[in-house]
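Notes for the one structure printed next.
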Amino acid sequence: METMTIGGRAVEGAGTFGVENPATGRVFAQAPECSPEQLDEALRAASDAFPAWRSDEGARRDLLRAAAKRVEDAADELAALITAEQGKPLADARLEVQGTVAGLRFVADLEVPREVLADDDQARVELLHQPFGVVAAITPWNFPVAIAGLKLGPALLTGNTVVLKPSPFTPLSTLHLGGVLRDVLPPGVLNVVSGSDPLGARLTAHPVPRKISFTGSVATGRKVAAAAADDLKRVTLELGGNDAAILLDDFDVDALADRLFWGAFLNSGQVCAAIKRVYVPRRLHDVVVDALADRARSVVVGDGTAEGTRLGPLTTRPQFERVSELVADALARGATAVTGGGPLDREGYFFQPTILRDIDDGVRLVDEEQFGPALPVLAYDDVEDAIRRANATHYGLDGSVWSADPERAAAVAERLECGTAWLNTHALPHPAVPFGGWKHSGLGVESGVPGLLAFTESKVLYRVKG
Ligand code: NAD
């Protein structure tokens, strides 16, 4: 069984809980359930490790590079665990691990800025960025290793120590990550604990962490923010999205339909910043619907371990039920499933890639985050109307505009109310580029130098002269 990592040791849980393989719907492994006492121990270990860890930036860089190498060496084991518990095709799981390795290496080379604000006869004033101490990192189930890596790299480089808690649906790959790094990082620098949702609540309410870095749903993000408020902990929230793609009237279907399709269906639609609704000029609507439906019909859906699989199952039973419910509701309200429209007739949490037309704003599948392989394609007559509808939501993660004319596309993209607006593509993460959501989609950013600084307090160092 995978073990937790606490104070550099492998630790079994006070109890265990089952982890399902979504391709079968059956429990295939047990994971440790962390007791409140073990959580205390992990946080104590992280606190004890902090003074030495923060004191040597050069050593941190070297150790982050060594950590990246160790993750790279363990890529096959990590990818196999990701596919087993999360469901994505093995090739995508490998890409997830490779992206994590590249991200850790990128962060290891980043400079923590130290800025001279004034230097004159009276004073030399500098702006420093210093670590918080212990960071609580909480992750969701869609990219368990990649999202853990997005938090670990910057938190550790800036001198913090970490207690990391993965989703109870996908704990194994993160526990394994902790194991892989156990003898690379000094004891207590990275602790990994697993357990059901109340463990997350205990972690955020605990007095030790000074910063919470959370990725997950809006509903849980609210609870995390409320828990943080009590103690005025700093918090970064990366939450859900309902990204709109707006196609302009010169959209080149042949050239861009593949990219549009994968912008929505990668990871079976379980991507925070996936395209979740498409607005198409009425003249192009049928052509675009057909192009997307062709791709949805022909994509290979299956067990992530099977050769040739491009889309796996939904990761969790609740998510499978939710997508089934949202699609059934849309069909009941007059939508047409051009292809798909329901679960696949097989064991596991498989849902048919679904393209819906005859659907409008106001239907739950359009207004809510579906987080699954079911895409509504909506017609518009006037681009002003499309922009208004794209923005008429509490979400504000990403958006995209698709056109042969980059200037026209950029002019529309600038008016989207979201953290990132893409032109002719959607959601290509890069470790240098800050990523975050407006409105209910989040608070603060991850990645790039702004993401690094999110793991620091700023401090002014003021030296008087003379
Ligand atoms: P979730 O909110 O159910 O769970 C996320 C994590 O929070 C899990 O580890 C869970 O155990 C923990 N948790 C649950 N209750 C808690 C509490 N009261 N206090 C603290 N932690 C608690 O989310 P999920 O279903 O695992 O993930 C899917 C959601 O994540 C989607 O909405 C998706 O859009 C979002 N997401 C956002 C990003 C982003 O970067 N913006 C990235 C990936 C996923």
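The values are calculated or read from the model by the stated rules, or taken from the named source; none is laboratory data. These numbers were taken from a predicted model, which means no experiment stands behind them. All Cβ positions, even for glycine, are placed from backbone atoms using ideal geometry, and neighbour counts span all protein chains on display. With ligands, DNA and RNA removed, areas are computed over all heavy atoms of the protein, side chains included. Shrake-Rupley method; radii C 1.70, N 1.55, O 1.52, S 1.80 Å.
The number of residues in the stretch 2-35 being open to solvent by less than 60 Å² (accessible area, probe 1.4 Å) and touching a residue at least 24 places away in the same chain (Cβ under 8 Å) comes to 22.
The one condition from (1) loosely packed, with under 12 Cβ neighbours inside 10 Å; (2) touching a residue at least 24 places away in the same chain (Cβ under 8 Å); (3) outside the structural domain of Val125 (by TED's automatic domain parsing) that Glu407 does not meet is (2). Being touching a helix residue (DSSP H, G or I) at 6+ places or on another chain (Cβ under 8 Å), touching a residue at least 60 places away in the same chain (Cβ under 8 Å) and of a type in the set (S, T, N, Q) is the requirement here; does Ser458 meet it? The answer is no for Ser458.
Against the criterion of being of a type in the set (Val, Ile, Thr), in contact with an Asp or Glu (Cβ under 9 Å, 6 or more places away or on another chain) and closer than 22 Å to Asp294 by Cα, Thr354 does not qualify. Looking across the stretch 176-200, not a single residue is away from the ligand (no atom under 13 Å from the Cβ), of a type in the set (A, V, I, L, M) and under 17 Å from Glu33 (Cβ atoms).
Residues of the stretch 420-439 that are out of contact with any Phe, Trp or Tyr (no Cβ under 6 Å at 6 or more places or on another chain), open to solvent by 40 Å² or more (accessible area, probe 1.4 Å) and not hydrophobic (A, V, I, L, M, F, W, C): Pro429, His430, Pro434, Lys439. Pairing residues of the stretch 217-238 that are open to solvent by 40 Å² or more (accessible area, probe 1.4 Å) with residues that are charged (D, E, K, R), at Cβ distances under 9 Å and at least 6 apart in sequence or on separate chains, gives Ser217/Glu369; Thr220/Asp197; Asp231/Arg210; Arg234/Arg210; Arg234/Lys211; Arg234/Glu457.
Within the set Arg346, Arg277, Arg317, the sole residue that is open to solvent by 30 Å² or more (accessible area, probe 1.4 Å) and either within 16 Å of the ligand (Cβ to nearest atom) or touching a residue at least 12 places away in the same chain (Cβ under 8 Å) (or both) turns out to be Arg317. Those strands (runs of 3 or more DSSP E) of the stretch 360-466 in which 2 or more residues are charged (D, E, K, R) occupy 456-464.
Answer yes if at least one residue in the stretch 271-291 is touching a Ser or Thr at 6+ places or on another chain (Cβ under 6 Å) and of a type in the set (Ser, Thr, Tyr), and no otherwise. Scanning the stretch 271-291, I find no residue that is touching a Ser or Thr at 6+ places or on another chain (Cβ under 6 Å) and of a type in the set (Ser, Thr, Tyr), so the answer is no.
Selection of the stretch 149-194 for residues being touching a Pro at 6+ places or on another chain (Cβ under 9 Å) and on the phi > 0 side of the Ramachandran plot yields only Gly159. Among the conditions (1) away from the ligand (no atom under 16 Å from the Cβ); (2) in a loop (DSSP other than H, G, I, E, B); (3) open to solvent by 20 Å² or more (accessible area, probe 1.4 Å), Ala337 misses just one, which is (2).
Inspect all residues belonging to the stretch 113-130 and state whether any of them is within 23 Å of the chain's Cα centre (by Cα) and either without any contact (Cβ under 8 Å) to a residue 12 or more places away in the chain or open to solvent by less than 30 Å² (accessible area, probe 1.4 Å) (or both). The answer is no; no qualifying residue exists.
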